1. Find how much the distance from LEU29 to ARG104 grows on full extension, using 0.36 nm per residue of separation minus their present alpha carbon separation; answer in nm with one decimal.
2. What FRET efficiency do you get for THR214 and ALA112 if R0 is 45 Å and r is their Cβ-Cβ distance, rounded to the nearest 0.05?
3. If each residue of separation counts as 0.36 nm, what is the full-extension length gain between ALA90 and ALA195 once their alpha-carbon separation is subtracted?
4. Quick one: 3J(HN,Hα) in Hz for the range 32-39, Karplus 6.51/-1.76/1.60 with θ = phi - 60°, rounded, Gly and Pro as x.
5. How much net charge surrounds SER220 when only other residues with a Cβ under 14 Å from its Cβ are counted (Lys, Arg +1; Asp, Glu -1)?
6. As an exercise, find the ratio Rg/Rh for the range 10-156 from alpha-carbon atoms, using the Kirkwood inverse-distance average for Rh.
7. Please give the direction-averaged projected area of the C-alpha convex hull for the range 10-90, in square nanometres with one decimal.
8. Provide the per-residue ³J(HN,Hα) series for the range 58-69, in order, calculated from phi with Karplus coefficients 6.51, -1.76, 1.60 and θ = phi - 60°, each as a whole number of Hz, with x at glycine and proline positions.
Amino acid sequence: MASTAQSQQGPRWTFDGFRLGAVATLPLLPGVFAFGVAFGTVAARYGLTLVETLLMSATVNAGTAQIVVLESWPDRFTFAGIAGMALITAVVCMRFVMIGASLRPWLGGSAAPKVYPSLFVLTEPNWILSMRYRAQGGSDAAYFTGAGVVIWCVWVLSAAPGHWLAASVDPHRFGLDLIVPAFFSAMLVSLWRGARSAISWVVGAAVAVAVDQTIGGSWSVLAGAFAGMACAGVIDADK
């Protein structure tokens with residue numbers, strides 16, 4: 001009876017859970033920091049000030065989407081240019097729709113003032129940690145928030161040294177341009193569900209490379225994303 005009542009009231013949110021989630025992120029923080037440094041370097045090279053760089057990281061908090069948008073940053077802002085950047089951001093971040101949906105069975109019974117601020121700090125690292133925590137029997141939803149807040153803080157602060165380094169360091173010389181693909185390649189390991197489900201990854205990557213080599217620009221991101229999603233839909237429909 002007690003467990004039934006608790007499930008109807010939603011999960012617990014405690015400081016102990018918050019602290020546990022924060023501590024669980026410690027092994028991931030060097031990678032997050034390096035990722036943030038890479039973004040800060042790219043932002044500086046595209047003309048963003050330090051304040052603008054920190055504000056983007058703090059308010060957008062979208063990792064790869066921020067770097068991809070900078071690659072299409074226009075010299076002069078027009079309605080079409082802004083709309084294009086918004087579309088690119090939406091497509092790159094579309095994965096968060098499915099990631100957020102996977103959290104509903106856990107967080108769905110909680111009050112909105114608890115859930116929505118926590119979803120602002122939703123990223124792949126704290127989502128993966130939280131799913132593993134819950135699969136192992138954990139139920140404290142503050143675990144998810146604690147992990148997300150720590151990652152957000154490191155992400156924002158790490159952009160500053162990257163911005164400062166941009167004036168004197170060539171990112172290609174020190175391999176900073178490889179941090180983003182290396183980070184997400186490592187993330188893919190934990191998402192591996194067998195060769196069948198990985199077909200969509202290969203299709204999306206192949207289409208993105210082909211479009212980049214033929215058309216160029218940011219269209220490769222959109223084409224690869226839609227191709228991967230379409231392939232995943234067909235594969236799931238055949239199950």
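Derivation of every value follows stated rules applied to the coordinates shown; laboratory data play no part. Just so you know, these numbers come straight off a predicted model, no measurement behind them. For neighbour counting, all protein chains shown are included, and Cβ atoms are generated from backbone atoms with ideal geometry for every residue, glycine included.
1. Value of the extension gain: 24.4 nm.
2. Once the sixth-power term is evaluated, E becomes 0.45.
3. 35.0 nm
4. For the range 32-39, the Karplus-derived couplings read 4, 4, 4, 4, x, 4, 4, 5 Hz, x marking Gly and Pro.
5. -2
6. Result: Rg/Rh = 1.02.
7. Taking the Cα atoms of the range 10-90, their convex hull projects to 7.6 nm² on average.
8. The phi angles translate into 6, 9, 8, 6, 10, x, 4, 4, 5, 5, 4, 5 Hz.
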